[in-house]
1. Hey, could you check segment 283-303 for residues that are open to solvent by 10 Å² or more (accessible area, probe 1.4 Å) and within 13 Å of the ligand (Cβ to nearest atom) and say which is nearest to the chain's Cα centre (by Cα)?
2. How about segment 29-41: which of its residues are surrounded by 14 or more Cβ atoms within 10 Å (Cβ to Cβ) and not aliphatic (A, V, I, L, M)?
3. From ALA249, ALA312, ALA306, ALA275, grab the single residue that is more than 14 Å from the ligand (Cβ to nearest atom) and modelled with pLDDT of 95 or more.
4. When you go through (1) crowded, with 20+ Cβ neighbours inside 10 Å; (2) assigned to a loop (DSSP other than H, G, I, E, B) one by one for LYS328, which number turns out not to apply?
5. Would you be able to say whether some residue in segment 223-240 is β-branched (Val, Ile, Thr) and more than 17 Å from TYR32 (Cα to Cα)?
6. Within segment 79-105, track down each residue that is more than 25 Å from ASN143 (Cα to Cα) and open to solvent by less than 80 Å² (accessible area, probe 1.4 Å).
7. Which of the residues belonging to segment 19-42 are more than 17 Å from the chain's Cα centre (by Cα) and more than 15 Å from ASN66 (Cα to Cα)?
8. Can you pull out the residues in segment 106-132 that are in contact (Cβ under 8 Å) with a residue 40 or more places away in the chain, away from the ligand (no atom under 16 Å from the Cβ) and surrounded by fewer than 23 Cβ atoms within 10 Å (Cβ to Cβ)?
Amino acid sequence: MMSYKTPEFIHRYACNPILDASRVPFPSVQTYNAGFTKFQGKYVMVFRNDYNRTRETFNTAELRINLGFATSEDGLHWEVAPEPCWQIHSDEIRHVYDPRLTVIDGRCYLCFAMDTMHGVRGGVAVTEDFSKFEILSLSAPDNRNMVLFPEKIGGYYMRLERPMPVYGRSPDRKESFDIYSSISPDLRFWGGTKLLLGAENMPSCNSKIGPGAPPVRTPAGWLALTHLVNKVPEELPAWHPDWHKVYCAGAMLLDLEDPTRILGIAPTPVLVPEAPYETEGFRGHVVFPGGAILEESGELKIYYGAADTYEAVATCDVNDLIRFIMQK
Ligand code: BMA
């Protein structure tokens, strides 16, 4: 098993998980990989809701996913809206999932992954009220885990994204997926794509990486949380057999003016699955960051999916995290 540990300056919320299926007023088996932001005076969450699945039928064609919406006054206690907020299901589209929220100039944008009959596409949508979503752009397959920066940089919108190359990578780095950046004048047309970080250059990682929470501005640089995956020989607890991947949260700082320049990468993961709600569930040993909110006090709330079953939160002093990333 991996030997990494969550650093001591990261504190899990004592009442985790903050969301599970029992608190959702519509069909639900797993609630996880949510996006978070502050919008119009409230904390808001859009979460992935898997249903039509049981422990025995974990991977059937009957699986359905919709997105749920919840609000909170303090970012810890959440009220779930009575109905799902978004669901697409057609002959071509199986579902949208893993939402990420970013407010830019007062408008709320949602990045998402979309499973289609022709591969996974990454999308950017905008919403006024979390009941209607207008899709602004959809990538070619396969691309997953998109996140938007919360402001234009050098005159362009910018996103981090995670394509899934299956032919180009050498055989010894199979399932070794990397983080790229792209820019756009209008959030519809994307280009200027650059490799930001190859998975082989992420410390403490032997498999793939991807953007996690949308980047957060700090005086030291853009704080970008990622997920990072280690494959382990032993079988891990899960609702299905043959699960061998440990998902941790990683962190890096990007230059404020030119985020394609990495200033530092945390030498070890910043969140390692250790709590029971992270190690036991649909896929045990999964921590999947999807939101980060920096409070005026300097407290950083790190929101993450746990075991592909729950949503949880941890906090830290942002300066401790920056020191951890920039240590020599
Ligand atoms: C990834 C995605 C995520 C999931 C993670 C861990 O490939 O499917 O939605 O949380 O695996 O299972």
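1. Among those residues, the one meeting the criterion is PHE288.
2. So the first thing to find is which residues in segment 29-41 are surrounded by 14 or more Cβ atoms within 10 Å (Cβ to Cβ), and the list is 29-39.
Residues satisfying the conditions are GLN30, THR31, TYR32, ASN33, GLY35, PHE36, THR37, LYS38, PHE39.
3. Being more than 14 Å from the ligand (Cβ to nearest atom) and modelled with pLDDT of 95 or more holds for just one of ALA249, ALA312, ALA306, ALA275, which is ALA275.
4. Condition (1) is where LYS328 drops out.
5. At the first step, the residues of segment 223-240 found to be β-branched (Val, Ile, Thr) are 226, 229, 232.
This time we only want the ones that are more than 17 Å from TYR32 (Cα to Cα), so: 229, 232.
Yes: segment 223-240 contains one or more residues that are β-branched (Val, Ile, Thr) and more than 17 Å from TYR32 (Cα to Cα).
6. Hits for segment 79-105 are VAL80, ALA81.
7. SER22, ARG23, PHE39, GLN40, GLY41, LYS42
8. Selection gives CYS108, VAL126, PHE130, SER131.
The values are calculated or read from the model by the stated rules, or taken from the named source; none is laboratory data. All figures in this text were calculated on a predicted structure; none of them were measured in a lab. Here the Cβ is made from the backbone with ideal geometry for all residues, glycine too, and neighbour counts use every protein chain on show. Heavy atoms of the whole protein, side chains included, go into the accessibility calculation; ligands, DNA and RNA do not. Shrake-Rupley method; radii C 1.70, N 1.55, O 1.52, S 1.80 Å.
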